[in-house]
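Take a look at the structure set out below.
The values are calculated or read from the model by the stated rules, or taken from the named source; none is laboratory data. All values derive from a computational prediction rather than experimental measurement. In this analysis, Cβ positions are derived from the backbone assuming ideal geometry, glycine residues included, and neighbour counts consider all displayed protein chains. Note: areas computed on protein heavy atoms with side chains; ligands, DNA, RNA excluded. Shrake-Rupley method; radii C 1.70, N 1.55, O 1.52, S 1.80 Å.
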Amino acid sequence: MSSGCLFCKIITGMIPAQRVYEDEVCIAFPDINPQSLTHILVVPKEHLSSLAEAGPEHTELLGKLMAAAAEVARIKKLDRGYRVVVNTGAEGGQTVHHLHLHVLGGRHMGWPPG
Ligand code: AMP
Ligand code: ZN
C-alpha cells in the first residue's frame with residue numbers, strides 16, 4: 001500500500017471498481033477510459049511502481065499476473081485474440097505508477113503500437 005496511489009485505493013476499496021477477477025495476488029477491473037470494446041486492468045495487490053522495479057524476486061508474481069490476464073481474457077470471451085500491454089515509464093506511456101497489465105480485446109490491434 002502506497003498512500004496517494006490510485007490503484008492502491010482501488011485495491012483497499014477506498015475507490016470503487018467493478019472486480020472482474022480477483023485472486024491472492026491481484027485484482028482486475030475495467031479501465032475507466034477504454035481503448036477497445038474490452039479493456040481490463042490487471043493490478044497486483046502489492047504496490048510496485050512499474051515493471052522497471054521488478055527483479056528476480058518478482059518472477060512468481062509476474063507469472064501469476066500473466067496467468068490472471070489469460071483468465072480475464074477467458075472470462076471476457078476474447079476467443080479471437082487480445083493484447084496484453086505493460087506501459088513502463090515516461091516514454092512507455094505510463095500514467096499510473098502502480099504496475100498494471102492492460103488486457104485489450106474486441107477489435108483488431110494494429111502494429112506497431114503508437
Ligand atoms: P497507464 O497509462 O498504462 O499507466 O494506464 C493507466 C490506466 O488507468 C489508463 O488507461 C486510465 O484510463 C486508467 N485509469 C485511471 N483511473 C482509473 C480508475 N479510477 N479506474 C479505472 N481505470 C483508471
Ligand atoms: Zn499502489
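Pairs meeting the criteria (first residue in segment 19-36 and more than 16 Å from ligand 2 (Cβ to nearest atom), second residue open to solvent by 90 Å² or more (accessible area, probe 1.4 Å) and in a loop (DSSP other than H, G, I, E, B), beta carbons under 8 Å, at least 6 apart or on different chains) are Pro30/Gln18; Ser36/Arg107.
Among the residues making up segment 65-87, those that are open to solvent by 40 Å² or more (accessible area, probe 1.4 Å), more than 12 Å from the chain's Cα centre (by Cα) and either among the hydrophobic types (A, V, I, L, M, F, W, C) or closer than 19 Å to Val25 by Cβ (or both) are Glu71, Arg74, Ile75.
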